[in-house]
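Before any comments, here is the structure.
Throughout, read-outs are computed from the coordinates displayed, never taken from laboratory work. Bear in mind the structure is a predicted one, so any value in this text is a computation, not a measurement. Note that each Cβ is placed from the backbone with ideal geometry, even for glycine, and that neighbours are counted across all protein chains shown.
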Amino acid sequence: MTLIQPPSDQVLDRAAALLADGKLIAIPTETVYGLAANAWDRDAVAKIFAAKQRPANNPLIVHVAAVDRIAEAAMMPLAPELQHQLDCVVDFWPGPLTVVLPRASHISDWVTAGRDTVAVRIPSHPVALRLLERCPFPIAAPSANRSNYVSPTMAQHCDGPMDQPGIHQFIEMVIDGGDCDFGVESTIVALQQGGPRLLRPGGISAEMLADRFGITVEQLTQATNDRPVESETGNEVTSAMLAPGMMKEHYSPSTPLVLYSATQANSSSKRVGRIAFAQLDASDTSRYAVVETLSDSGDLREVAKGLFAALRRMDHAGLDLIVIDTCEPVGIGLAIMDRIHRAAATPLS
Ligand code: AMP
Ligand code: MG
C-alpha cells in the first residue's frame, strides 16, 4: 500500500474502479480520513466492519456527490416536514454536516446497522468530491481507524500498523489529500417529525444549526436517550445507540488522558505530556516531558484541526499520562469538548 499524492484523474479513476470492485480505500475528507466502500455493495461494507473491528450495531455515514443524488441512500421524496428541515440546512453542503433521514431500501442493512434511517452527507474536500463524481454509487466511509481509536487527520495515519493493527491490510490504496481542514468528525443531526435533534457535535456548530431551524440550541440538543425508537428489525434501540459516536469511550489513545486542572499541575512525578490550546508560559512548560501547543492564540478552529494528530503523537511518546486543556463548549468548542471527554474515558486495555 502506498500513499498517493497528488491524486491525478488517473488515480481517481483507479480508486473508483477499486471501489466498484468491492475493495476498500482510504480517502481524505475535510473532517477526517475515511475508510471508503461502495455503499451498495453488502460485502464491501461488511469489510469495513472487519477492518475496523467495528461493532455491527454502529451504522456508517453515506457520502454522495450532490443533493440530487440523496435518493441513492435515503427514501425520497421526503415527508414535507423533513423536506423543510433539510431545506433549512442544505446550503451547509458540501461540508461537515451529516443528516439522518429515512433510508432507501437498496442501502445495505450493514450500512444502517438494521435501522430504518440512514446518515448522509456531501463532503467538501475536492478529492472526495472528484471521487464521488466518478462513482455511480454512494460511498460509505467511517473514519479510517480501528474502532474506538483516534481518528486519522493525515494520510500517514491510515498507513500505521502500530496505531491500527490489522486495518492496513484491508486498504488497497490511501489517497493523500493533505491534512484535514476541520480535524473533528461531521456534525450529525437527525431530521425527524417533531423537530431535528443533534446526535453528534462537529464542524458545523449547534448554534448555527439551531439558528437555521429557528429553534433554540437547547431544543436541538435536548437529550433523547429515554425515547425508545423501533428499528427495522423490530428491536428497540435508544437514540443513544443511534449515534454510537456518542458512546462514552471513543477516540481514545492508549495512554491515560486527563483534562487539565490547576491542582494536577504540580502533583505528578511521572512522565507527563501536555496538550495546550494556547501558548504556556515557561514555568508551566518546564513541568512536562513533552508539550504540544495546538494554537498560539487559542483559536479553536486550529485546536480542532490539530487535536487528533497531537493525541496520536503523544500516545507514541512513551508517556505515563497525557494532560489536555479544555475550552468553553460553544461553537466548535462543543465538538472539541465532546471528543476530549470521550477520549479521556477509561483507556482501552
Ligand atoms: P464515524 O465512525 O465517525 O464515521 O461515525 C459515524 C457516525 O454516524 C456514528 O456515530 C453513527 O452512529 C452515526 N450514524 C450513522 N448512521 C446513523 C443513523 N442511521 N442514525 C443515527 N446515527 C447514525
Ligand atoms: Mg470514527
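For the charge dipole of the range 38-116, defined by +1 on Lys and Arg C-beta atoms and -1 on Asp and Glu C-beta atoms about the Cα centroid, which residue among His106, Ala65, Pro55 has the Cα displaced farthest towards the positive pole? The listed residue farthest towards the positive side: Pro55. The Cα-based radius of gyration and maximum Cα-Cα distance (Dmax) for the range 1-110 are 15.3, 47 Å. The calculated FRET efficiency for Glu133 paired with Ser254, based on their beta-carbon distance and R0 = 51 Å, is about 0.85.
For a modelled paramagnetic label at Arg42, 7 Å from Cα along Cα-to-Cβ, the residues of the range 102-127 in reach, with backbone nitrogen under 14 Å, are 105-114. Here, the chain has an Rg and a Dmax of 19.8, 61 Å when only alpha carbons are counted.
Taking 0.36 nm per intervening residue step and subtracting the Cα-Cα distance, what contour gain separates Gln222 from Gln279 on full extension?
Working: separation 57, 0.36 × 57 = 20.52 nm, distance 3.50 nm.
Using 0.36 nm per residue and subtracting the Cα-Cα distance, I get 17.0 nm.
Under 5 Å from the amide H of Ser295 lie the amide H atoms of Ala278, each residue being 5 or more positions distant or on a separate chain, with H modelled from the backbone and absent for Pro and chain starts. Taking every DSSP beta bridge with both residues inside the chain, roughly what % is antiparallel (nearest 5)? If I count the DSSP bridges inside the chain, around 45 percent turn out antiparallel. When only the Cβ of Lys, Arg, Asp and Glu is charged (+1, +1, -1, -1), the dipole of the chain relative to its Cα centre reaches about 740 debye.
Selection among Val90, Ser143, Thr117 by position relative to the dipole of the range 79-160 gives Ser143 as farthest towards the positive end (Cβ unit charges, Cα centre).
What shape does the range 306-349 take by its C-alpha gyration tensor, where a ≥ b ≥ c are the square roots of the eigenvalues and a/c under 1.5 counts as rounded, a/b above b/c as prolate, and the rest as oblate?
Prolate, because a/c is 1.5 or more and a/b exceeds b/c.
Ranking Ala20, Ala343, Pro80 by Cα position along the charge dipole of the chain, where only Lys, Arg, Asp and Glu carry charges on their C-beta atoms, puts Ala343 farthest toward the positive end. Near Ser186: Cβ cut-off under 13 Å, other residues only, Lys/Arg at +1 and Asp/Glu at -1. The net charge is -1. Computed extension length for Ala317-Asn58: 90.1 nm, one decimal, from 0.36 nm per residue of separation with the Cα-Cα distance subtracted.
In whole percent, what relative contact order does the chain give with Cα contacts below 8 Å and a gap of six or more residues?
Working: 753 pairs, mean separation 67.9, N = 349.
Contact order relative to length: 19 percent.
The simple spin-label model puts a point 7 Å past each Cα toward its Cβ; for Asp68 and Glu207 those points are separated by 3.7 nm. When its C-alpha radius of gyration is set against 2.2 N^0.38 Å (N residues), the range 63-159 gives a value of 1.13. Modelled this way, with points 7 Å down the Cα-to-C-beta line, the labels at Lys270 and Ala50 are 3.8 nm from one another. Taking amide H positions as modeled 1.01 Å from N, with prolines and chain starts lacking one, the residues under 5 Å from Tyr149 and 5 or more places away or on another chain are Tyr251, Ser252. With a simple spin-label model that places each label point 7 Å from the Cα along the Cα-to-Cβ direction, the separation between Glu328 and Ala345 comes to 2.8 nm. Using the average count of surrounding beta-carbon atoms within 10 Å as a protection proxy, the listed peptides 56-64, 181-189, 106-114 rank, highest first, as 181-189, 56-64, 106-114. Shape class for the range 272-331: oblate, because the ratio a/c of the largest to smallest gyration tensor axis (alpha-carbon atoms, square roots of eigenvalues) is 1.5 or more and b/c is at least a/b.
In a fully extended conformation the segment linking Arg287 and Ala20 would gain 90.8 nm over its present Cα-Cα distance, using 0.36 nm per residue.
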